Amino acid sequence: MKIIKSIEYLKRIIRESKRNGLIINFIPTMGALHLGHMKLIQKAKRKNSIRIVSIFINPSQFGPNEDFKNYPRTTHNDLNLLRNEDVDIVFLPIENEILKYKTNYKCPNFKIEKILCGKSRPNYFPGVKNIVIKLFDIVQADNSFFGEKDYQQLVVIKKMRDELNFGTNIIPIKTVRNKNGLPLSSRNKYLKNNEIEIANKINKICKYIIPKVKNKLNTTKILADAKRELRMNGIDKIDYLTILTDNLEKRKFLKSKSRIFIAANIGSTRLIDNFPI
Ligand code: PAF
């Protein structure tokens, strides 16, 4: 496994790999790797290809009062996991170099960045786009892998890929959950034992309402009841609980594929999840 910090060196290795007919599969991460990341990395293992995993905690996607300083930094452990998984290249960019790296791409802001997480975390999507543009430009991947847990991020990145004509396929990978249905997330490390029990309820309550939602166009009451149930179970800081189509549009017709989207704080930890209906 090669560990590469230099952008120019990485580009050279990628050019050589392409010349040798290899497909480039890319998995961008912020480290603190868990089984959810490992599933993305395993799904990226394909014939005649190399896997490149980037680890970079991108300061620009955190708000001023968010957890950038405390975000788990576990590079040593991450590298061991990636070595065991036989990843070809780990890209560990130097903060100064990647933040200064200029591309000719400029991405417009999309309406879907202003809803759900974008409403309470206005820096988040501009920050994600800013770094993913640079990474896409550097890596020039054939396939890029993103988890469905960050579903809104996945849709924003797909839109950005289309808008800027990046030649990478965006491959979505299903959320990995613990045995109680809590999606794996680097931020779960912040949860105390009693908070994990509370967090597990989110999955149960959202799953419970899926069959109800399936048959009803007007879901206002179902969602209001679910919010009450969440509050009764200790989840009182709900940022949003809503239903949108898979393209993040308002759900007008029962036929459109839709999802329940939720974000809530348990103590000081923000959790997000989504459930296909
Ligand atoms: O999902 C993440 O880990 C990050 O938002 C990403 C895509 C690596 C950009 O920093």
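General observations
- Taken over the range 189-241, the residue count meeting the criterion of being surrounded by fewer than 18 Cβ atoms within 10 Å (Cβ to Cβ), closer than 14 Å to Arg259 by Cα and touching a Gly at 6+ places or on another chain (Cβ under 8 Å) is 1.
- Residue count for the range 79-99 satisfying the condition of being within 16 Å of the ligand (Cβ to nearest atom) and under 11 Å from Ile3 (Cβ atoms): 6.
- Residue within the range 77-86 that is over 19 Å from the mean Cα position of the chain (by Cα) and assigned to a loop (DSSP other than H, G, I, E, B) present: yes
- One residue alone among Asn25, Asn77 is over 22 Å from Gly127 (Cβ atoms) and without any contact (Cβ under 8 Å) to a residue 60 or more places away in the chain, and that residue is Asn77.
- Residue match in the range 169-191 (condition: in a helix (DSSP H, G or I), among the β-branched types (Val, Ile, Thr) and within 17 Å of Ile277 (Cα to Cα)): no
- Selected residue (criterion: nearest to the chain's Cα centre (by Cα)) from residues of the range 22-70 that are assigned to a loop (DSSP other than H, G, I, E, B) and more than 22 Å from Leu184 (Cβ to Cβ): Gly63
- One residue stands out among those in the range 48-58 that are within 15 Å of the ligand (Cβ to nearest atom) and in contact (Cβ under 8 Å) with a residue 40 or more places away in the chain: the one that is surrounded by the fewest Cβ atoms within 10 Å (Cβ to Cβ), which is Phe56.
- Cβ-Cβ contacts under 6 Å between residues 6 or more apart (or on different chains), taken from a first residue in the range 128-139 that is closer than 13 Å to Ile7 by Cβ to a second residue that is in a helix (DSSP H, G or I) and away from the ligand (no atom under 11 Å from the Cβ), are listed as Ile138/Ile7.
- When restricted to residues that are away from the ligand (no atom under 12 Å from the Cβ), within 24 Å of Glu249 (Cβ to Cβ) and out of contact with any Ser or Thr (no Cβ under 7 Å at 6 or more places or on another chain), the range 127-163 contains 5.
- Residue check, Lys119 part of a helix (DSSP H, G or I), more than 16 Å from the ligand (Cβ to nearest atom) and surrounded by fewer than 17 Cβ atoms within 10 Å (Cβ to Cβ): yes
- Residues in the range 69-78 that are more than 24 Å from Thr175 (Cβ to Cβ) and either within 12 Å of the ligand (Cβ to nearest atom) or among the β-branched types (Val, Ile, Thr) (or both): Thr75 alone.
- Among residues of the range 164-183, those that are without any contact (Cβ under 8 Å) to a residue 24 or more places away in the chain and either within 13 Å of the ligand (Cβ to nearest atom) or within 15 Å of Ala141 (Cα to Cα) (or both), counted: 1
Rule-based calculations on the coordinates, nothing more; no lab input. Bear in mind that the values here come from a model prediction, so they are computed numbers and not experimental data. Don't worry about glycine lacking a Cβ; one is built from the backbone with ideal geometry, like all the others, and counts go over all protein chains shown.
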